[in-house]
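Reading through the structure tokens given below for one structure.
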Amino acid sequence: MPMIKQLPNTAGKLSQNACSLDELPAGFMGKILFYRSGAVKLKLDDNLCDVSVGLDCAFAQDVVAVNIEERHCCTLGELNKRVLITPNMGSMLDGMANL
């Protein structure tokens, strides 16, 4: 998913360049926002995404972390629920208008 990365330029102002998820730093990715109306949104940088209930799991699935460098695999747990995350087009278009 393309993101916009803000980089300081020589004039001290922030310039914006497109980047991929692989280029973002590890750790904190975003926030889940819960509204009183019941709506749930995911905020990644300045982009809002809509979060809704996904399909039920039809068969057993596990979440696994794989460390390629050390050739190690670790099971994190069973996957019981799914969510559907879609970009909020209004938020994305507002962000592009500021460019």
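Brief remarks follow.
- Residue in region 83-91 that is out of contact with any strand residue (DSSP E or B) (no Cβ under 7 Å at 6 or more places or on another chain) and either among the hydroxyl-bearing types (S, T, Y) or at pLDDT 85 or above (or both) present: no
- Filtered by the rule that a residue be touching a strand residue (DSSP E or B) at 6+ places or on another chain (Cβ under 6 Å), exposed (fewer than 11 other Cβ atoms within 10 Å of the Cβ) and over 14 Å from I32 (Cα atoms), region 43-63 gives D62, V63.
- Residues located in region 45-61, provided they are part of a strand (DSSP E or B) and over 16 Å from L93 (Cβ atoms): V51, S52, V53
- Inter-residue pairs, beta-carbon under 6 Å, first free of Cβ contacts under 8 Å to residues at least 60 places away in the same chain and in region 39-52, second charged (D, E, K, R) and surrounded by fewer than 15 Cβ atoms within 10 Å (Cβ to Cβ), 6+ apart: K43/K31
The values are calculated or read from the model by the stated rules, or taken from the named source; none is laboratory data. Here the structure is a predicted model, which means the values were calculated and not measured. No Cβ is skipped: glycine too gets one built from the backbone with ideal geometry, and neighbour counts run over all protein chains shown.
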